[in-house]
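So the structure is just underneath, and the comments pick up after that.
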Amino acid sequence: MKEIRKNQQGVAAGPADFYFSKVLEKGVRVLSLYTPETRSLSLKEITLRTGINSTSAFRFVETFIRLGYLKKDPKSKLIRLGPSALVFSNNVIQSFDMLQIVKPLIDEAFEKYNVSIDSGIAEGGRFVNLYRREAKDTLVFKMPITTPHLHCTAVGKACLSWLPDSARDRILDGLIYTPRTPFSLTSRAAVLEDLRKTRERGYSINNQEYLVGLICVGAPFLNGEGTVLGAVSFDVSTVQYSLKEAVKQFAPKVVKLAQDMRPMLPAGNSRD
């Protein structure tokens, strides 16, 4: 008689369950704990947050340490990401197809306008940086590889504005509206109104909401099906431009740059 495999809930497992590696899933769960907000963890914290028993958690951590994906401070015993994690993430980013599409266009715009340019993709309520060029004599800042502050960046607002309503609302419900600057929007209603205006005019504005002294004008890049895949922004300093001047100078340019990307972007399902 053919053996019937069951999953953890006692239900007969289908093909997807049969080929699913629970061990690998647990290992990925450990690495996924590390974010820009969570840079170090104790073994106990890893055990509690993943729900993995302490013995297995220890083995995962020790394996990742030997492979270089994690490292342990000999004094505090706190565990951080190791150099192999950085190399791996950079390789993934560099091999990402969308990067190959947007990079030449961003480089061309950068040389033409001499303005700092950011780009990235929105996934699961976070914004993942894709490619950035920094102009001389402008405000330089280091954006983390991923950020949950979608509501106070031009690229984040541009992505949110073109998402289907249900997908946008799910993300807004999960955001924490802690102000980064005195200019940050601090309520769901205020962000939703700003997104409505963004959609109407065709571009987003970050008026010092992420960093004091930084003005950004952004636009989403959509594929041929109209699905938002990411966004691009032009970033300037308040020393160089007023908000009105920055919008007048760069809004048409960033919208055109995003539109130039559209014919080359891959098809994808609507993120509803």
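List of remarks:
- Packing-based order for 214-225, 62-73, using average beta carbon neighbours within 10 Å, highest first: 214-225, 62-73
- Selection from 158, 102, 120, by position along the positive dipole direction of the range 98-264 (Cβ): 158
- For the range 203-263: rounded, prolate or oblate by the Cα gyration tensor [a/c cutoff 1.5]: prolate
- In range of the label at residue 167: residues from the range 218-253 whose backbone nitrogen is under 15 Å from the point 7 Å along Cα→Cβ: 220-231
- Qualifying aspartates and glutamates (Cα of each under 17 Å from Cα of residue 248; at least 8 residues distant if same chain): 200, 235
- Point-to-point label distance, residue 100-residue 66, nm (Cα→Cβ direction, 7 Å offset): 3.5
- For residue 116, the residues 5 or more places off, or on other chains, whose built amide H falls under 5 Å of its own are 135, 235.
- Computed 3J(HN,Hα) for the range 99-107, one whole-Hz value per residue from the Karplus formula 6.51 cos²θ - 1.76 cosθ + 1.60 where θ = phi - 60°, is 4, 5, 7, 7, 4, x, 5, 5, 4, glycine and proline marked x.
- Phi angles across the range 20-37 convert, under the Karplus curve 6.51 cos²θ - 1.76 cosθ + 1.60 with θ = phi - 60°, into 3J(HN,Hα) values of 7, 8, 5, 5, 4, 4, 5, x, 5, 4, 5, 5, 5, 5, 7, 9, x, 8 Hz, Gly and Pro given as x.
- Global form of the range 23-88, assessed from the alpha-carbon gyration tensor, a/c cut-off 1.5: rounded
- Projecting the Cα positions of 40, 87, 52 onto the charge dipole of the range 14-94 (unit charges on Cβ atoms of Lys, Arg, Asp and Glu, taken about the Cα centre) puts 40 furthest along the positive direction.
- With Cα atoms defining each centre, the range 198-272 and the range 38-80 are spaced 39 Å apart in the structure.
- The slack between residue 180 and residue 199, meaning 0.36 nm per residue of separation minus the straight C-alpha distance, is 4.5 nm.
- Cα centre as origin, Lys/Arg/Asp/Glu Cβ charges: the range 98-264 dipole, Debye: 140
- 30 Å Cα-Cα reach of residue 244 towards lysines, excluding residues that sit fewer than 8 places from it in its own chain: 103, 112, 136, 142, 157, 197, 253, 256
Computed from the coordinates by the stated procedures, all read-outs in this text should not be read as laboratory data. Worth saying up front: this structure is predicted, and the values here are computed from it rather than measured. When we count neighbours, we look across all protein chains shown, and the Cβ atoms used for this are built from the backbone with ideal geometry, even at glycine.
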